[in-house]
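Written below as structure tokens is the structure these notes are about.
Only the coordinates and a few stated rules stand behind these numbers; no lab work does. Keep in mind the model is a prediction, meaning the values are calculated, not measured. With ideal geometry, Cβ positions are generated from the backbone for all residues, glycine too; neighbour counts draw on all protein chains shown.
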Amino acid sequence: MEYTPVVLLVLALNCTFQSSSSASPGSSYGVHLNADGAFQFPVFHKYHPYLNSMVQAANIPDSAVIGDDSIRKNQFFMGISLGTPAVFNLVTIDTGSTISWVQCQYCIVHCYTQDQRAGPTFNTSSSSTYRRVGCSAQVCHDMHVSQNIPSGCVEEEDSCIYSLRYASGEYSAGYLSQDRLTLANSYSIQKFIFGCGSDNRYNGHSAGIIGFGNKSYSFFNQIAQLTNYSAFSYCFPSNQENEGFLSIGPYVRDSNKLILTQLFDYGAHLPVYALQQFDMMVNGMRLQVDPPVYTTRMTVVDSGTVETFVLSPVFRALDRALTKAMVAEGYVRGSDSKEICFHSNGDSVDWSKLPVVEIKFSRSILKLPAENVFYYETSDGSICSTFQPDDAGVPGVQILGNRATRSFRVVFDIQQRNFGFEAGAC
């Protein structure tokens with residue numbers, strides 16, 4: 001899916017693990033096994049107090065992941081250490097794709113400019129543990145079936161070829177490979193499956209993309225094999241002070257806080273995560289939308305997309321409802337019909353007076369406070385909604401982007417097919 005994510009962050013990933021199950025997120029800023037037996041990775045805003053001195057001094061250790069506008073605007077990055085000896089790279093986190101890939105040296109078709117802070121392009125000849133995946137390997141067959149590729153092998157070299165294209169038009173292709181992935185001092189995956197990209201059209205400047213989709217060869221599923229439960233969750237902080245997290249494995253089931261709905265696969269050849277929406281409200285009032293409209297499409301949950309896209313009839317009704325509420329507070333609607341923005345003569349925004357949006361799914365309602373519905377556009381001082389019509393993204397596809405879920409704990413329970421959200425978790 002499309003992958004254009006949220007706020008400037010630092011995600012500390014490849015730090016020293018704590019083997020004690022009593023370790024808590026607040027007790028250490030390293031990756032650790034939490035009390036539930038999940039791998040937990042802390043997430044920080046770039047200007048979090050813990051990291052501020054390191055960032056200001058441009059002395060970022062190889063154990064950190066940073067989001068930086070010069071690498072790709074509003075992107076979340078993860079640090080991985082690949083190969084023997086290990087090479088550190090910053091890669092993009094994407095729940096809307098399955099194959100993980102990095103740009104490799106000796107690109108033979110098309111390469112993009114990789115920011116030096118994202119690490120070097122991966123040199124396969126420098127890693128003693130690097131191997132290409134063979135044509136007869138099961139993962140080669142599974143990947144081709146999933147990507148709807150009829151064939152993809154260099155027979156004379158017994159090398160499996162991968163190829164994937166994103167909804168944005170960007171793509172990556174090359175050899176399906178395996179190498180040692182170092183998670184921390186005591187944990188590693190000896191035969192981590194990834195794509196070694198030799199033909200990449202990518203508008204970002206990170207080293208590649210890490211996929212969390214539900215296939216055996218995704219980053220998520222390869223890490224989940226080291227735990228006793230198939231799930232992952234994250235909370236991306238919405239400000240500079242709070243600490244967030246990303247975890248793979250078992251999670252806390254707090255019935256008083258965590259709200260669950262059914263999780264679906266979007267399609268056989270699109271193994272991304274989706275929800276079924278049934279209704280939508282602004283300040284408690286239902287939108288003027290014929291209810292069957294909502295069920296014509298499911299909603300994809302994609303950490304790699306900033307904005308939230310809804311079907312055009314829903315967007316028009318939402319526009320009318322938000323405009324009515326905002327005009328009542330003294331705001332003036334902008335002129336762009338495909339972007340809901342407002343202007344005010346005041347110098348500050350009273351977020352408590354802005355409308356809230358509720359999205360109804362099966363068995364649950366996701367209530368978005370104003371801070372998740374709107375954002376402040378610094379270029380002209382306007383207040384814009386994160387909601388956009390589907391034809392401004394991928395026509396016919398609804399996407400719940402992660403601007404709308406900042407500060408929420410978001411749970412993908414693959415084992416029991418549940419999706420959960422908890423407000424104010426980070």
message: Could you list F88, F220, F77 so that the one with the fewest beta carbons within 10 Å of its beta carbon is first and the one with the most is last?
response: F88, F220, F77
- prompt: Amide H to amide H under 5 Å from S159: which residues, 5+ apart in sequence or cross-chain, H placed 1.01 Å off N in plane?
  reply: C135, V154
- request: Would you mind getting the Kirkwood hydrodynamic radius of region 227-384 from its Cα pairs, rounded to one decimal in Å?
  value: 17.8 Å
statement: Set K191/K257; K215/K257; K257/K353, cut-off 31 Å on Cα-Cα distance; pairs above it are K191/K257
field: ³J(HN,Hα) computed for each position of region 359-371 - Karplus, 6.51 cos²θ - 1.76 cosθ + 1.60, integer Hz, glycine/proline x
entry: 10, 8, 10, 5, 6, 7, 10, 8, 9, 9, x, 4, 5
query: Can you give the extra length, in nm with one decimal, that the chain gains between R333 and T84 once fully stretched, where that is 0.36 nm per residue apart less the Cα-Cα distance?
result: 84.0 nm
- prompt: Could you put R316, R406 in order, starting from the residue whose Cβ has the fewest other Cβ atoms within 10 Å?
  reply: R316, R406
query: Given the Cα-Cα distance of I108 and Q262 and 0.36 nm per residue of separation, how much length would full extension add, in nm?
result: 51.0 nm
Kirkwood hydrodynamic radius of region 117-230, from inverse mean 1/r over distinct Cα pairs, in Å: 15.1 Å
- prompt: Within region 325-358, what residues put their amide N at less than 20 Å from the label point 7 Å along the Cα-to-Cβ vector of A392?
  reply: 325-328, 331-344, 354-358
query: Can you put M143, M298 in order, fewest other beta carbons within 10 Å first?
result: M298, M143
For N418, residues with placed amide H under 5 Å, excluding near neighbours: L263, D413
- prompt: In units of 2.2 N^0.38 Å, what is the alpha-carbon radius of gyration of region 316-426?
  reply: 1.16
